[in-house]
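Worksheet: the structure to be examined is printed underneath.
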Amino acid sequence: MVVESSVNSRHNLAIIELKGGLKERIFRTKDNDFLSFPSWSDDQEKLIAISLKGQGKSIIEFDISTGEYQYLLPFSAADIQKPIYWKDYILYQGSYAGISNIYALHLPSKAIFQVTSSAFGAQSPAIRDGKLFYSEYTASGNQIAIAELYPENWKPISEIENEWYPLADL
């Protein structure tokens, strides 16, 4: 899967055949959203990406068989990146409190939780053997961090102090 942007600013995701390099499938939005950080579901039936347009960023989910899509988060000026599926959650990097941390979107309820609480920043979530691996920024640079995934211990986003500010209108 690749993100494409044409010379005339047409943005889409494409599934590329590995052997011949041909495009098997193309996914677009009606508003020509700029898409980044695509990621497959474990069953290979859906894919998610970050969607960027005038209202800010959201997570978008495409159904592979139908091409239909839905936005999973309200658009906002918060910097979100690198979404991945885990069980019935999407884990992603977000800066809701002014510092990047790993957040979880619970798909059935659409509730958002803070998973990590890094003093200087957590980014690039990955799951392996049921554990969360991520890059934690420290005084010595980025370090690999590992965390157990216990949703009952995560902090609801409503309890996070908001330290980001919306973009100014020009």
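Here's the yes/no breakdown for (1) in contact (Cβ under 8 Å) with a residue 40 or more places away in the chain; (2) farther than 18 Å from VAL3 by Cα:
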residue	(1), (2)
ARG25	yes, no
LEU35	no, no
SER41	yes, no
ILE80	no, no
LYS87	no, yes
GLY94	no, yes
ALA97	yes, yes
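All told, GLN143 meets the bar of being of a type outside the set (D, E, K, R) and farther than 18 Å from ILE48 by Cβ. Each residue in region 45-64 was checked for being more than 14 Å from PHE34 (Cα to Cα) and of a type in the set (Lys, Arg), and 1 of them qualify.
Annotation note: Cβ proximity below 8 Å between a residue of region 50-69 that is more than 14 Å from HIS11 (Cβ to Cβ) and of a type in the set (A, V, I, L, M, F, W, C) and a residue that is assigned to a loop (DSSP other than H, G, I, E, B) and open to solvent by less than 30 Å² (accessible area, probe 1.4 Å) (sequence gap 6+ or interchain) occurs for ILE59/LEU72; ILE59/LEU73. Evaluation of GLU61 against the conditions (1) open to solvent by 80 Å² or more (accessible area, probe 1.4 Å); (2) touching a Lys or Arg at 6+ places or on another chain (Cβ under 6 Å) shows that the sole unmet condition is (1).
Could you pull out the residue among ILE127, ILE60, ILE157 that is modelled with pLDDT under 95 and of a type in the set (Val, Ile, Thr)? Of the residues listed, the single one that is modelled with pLDDT under 95 and of a type in the set (Val, Ile, Thr) is ILE157. Restricting attention to region 96-118, the residues being within 13 Å of the chain's Cα centre (by Cα) and open to solvent by less than 20 Å² (accessible area, probe 1.4 Å) number 5. Only one entry of GLU161, GLU68, GLU148 meets the criterion of being open to solvent by 20 Å² or more (accessible area, probe 1.4 Å), more than 27 Å from GLN44 (Cβ to Cβ) and not small (Gly, Ala, Ser), and that entry is GLU161.
For (1) under 25 Å from GLN55 (Cβ atoms); (2) without any contact (Cβ under 8 Å) to a residue 24 or more places away in the chain; (3) under 21 Å from the mean Cα position of the chain (by Cα), each residue gets a yes or a no:
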residue: SER6; (1), (2), (3): yes, yes, no
residue: SER9; (1), (2), (3): yes, yes, no
residue: GLY20; (1), (2), (3): no, yes, no
residue: ARG28; (1), (2), (3): yes, yes, yes
residue: ASP31; (1), (2), (3): yes, yes, yes
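The values are calculated or read from the model by the stated rules, or taken from the named source; none is laboratory data. A quick note: this is a predicted structure, and the numbers were derived from the prediction, not measured. We place every Cβ from the backbone using ideal geometry, glycine too, and count neighbours over all the protein chains shown. Side chains are part of the model used for accessible areas, which takes the heavy atoms of the whole protein and leaves out ligands, DNA and RNA. Shrake-Rupley method; radii C 1.70, N 1.55, O 1.52, S 1.80 Å.
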